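Student: Quick one: the structure is below, questions incoming.
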Amino acid sequence: MSDNGGQLNGVSIMQQDDVPEGTSFEDSMTELERCVDALEAGEVGLEEALVLFRRGAALEAWCATRLDAISASIEELTADGAPADPFDGDAG
């Protein structure tokens, strides 16, 4: 089975190990959920399962990296004394 193009159980397998630039976090999570659902259903062959597992691992790593970057940005924004919750201030 070739993993250079197409879809497998609703999951893109064109770029198995990369998440294309411009892909949203939400889209990546949706695709990751499809990978997990297909694997949990147990209705794919061994080779297809390996493709789905690799794609899922790539998506999980990409999502974790995005979450880490966002977390660092939030820490940076709140490190200078700004409240973590901008609605907690004494605005009136």
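Student: Take the residues in segment 29-48 that are of a type in the set (A, V, I, L, M, F, W, C) and surrounded by 11 or more Cβ atoms within 10 Å (Cβ to Cβ); name whichever of them is farthest from Asp18 (Cα to Cα).
Tutor: Applying the filter and picking the extreme gives Val44.
Student: Is it the case that segment 69-91 has a residue that's part of a loop (DSSP other than H, G, I, E, B), modelled with pLDDT under 95, in contact with a Ser or Thr (Cβ under 8 Å, 6 or more places away or on another chain) and surrounded by fewer than 10 Cβ atoms within 10 Å (Cβ to Cβ)?
Tutor: Yes, segment 69-91 contains a residue that is part of a loop (DSSP other than H, G, I, E, B), modelled with pLDDT under 95, in contact with a Ser or Thr (Cβ under 8 Å, 6 or more places away or on another chain) and surrounded by fewer than 10 Cβ atoms within 10 Å (Cβ to Cβ).
Student: Where the second residue is in a helix (DSSP H, G or I) and among the hydrophobic types (A, V, I, L, M, F, W, C) and the first is on the phi < 0 side of the Ramachandran plot and lies in segment 64-80, which pairs have Cβ atoms under 7 Å and are six or more apart or on separate chains?
Tutor: Arg66/Phe25
Student: Residue by residue through segment 23-34, note down the ones that are assigned to a helix (DSSP H, G or I), of a type in the set (S, T, N, Q) and more than 15 Å from Ala64 (Cβ to Cβ).
Tutor: Listed by number, the list holds a single entry, Thr30.
Student: Right, another one. Considering segment 35-51 alone, what residues qualify as being in contact with a strand residue (DSSP E or B) (Cβ under 8 Å, 6 or more places away or on another chain) and part of a helix (DSSP H, G or I)?
Tutor: Within segment 35-51, Cys35, Ala38, Glu48, Val51 meet the criteria.
Student: All but one of (1) surrounded by 14 or more Cβ atoms within 10 Å (Cβ to Cβ); (2) free of Cβ contacts under 8 Å to residues at least 40 places away in the same chain hold for Val51; which doesn't?
Tutor: (2)
Student: Kindly provide the set of residues from segment 55-68 that are closer than 17 Å to Asp27 by Cα, surrounded by fewer than 17 Cβ atoms within 10 Å (Cβ to Cβ) and charged (D, E, K, R), ordered by number.
Tutor: Within segment 55-68, Glu60, Arg66 meet the criteria.
The values are calculated or read from the model by the stated rules, or taken from the named source; none is laboratory data. These numbers come from a predicted model, not from an experiment. Please note: Cβ atoms are built from the backbone with ideal geometry, for glycine as well, and neighbour counts cover all protein chains shown.
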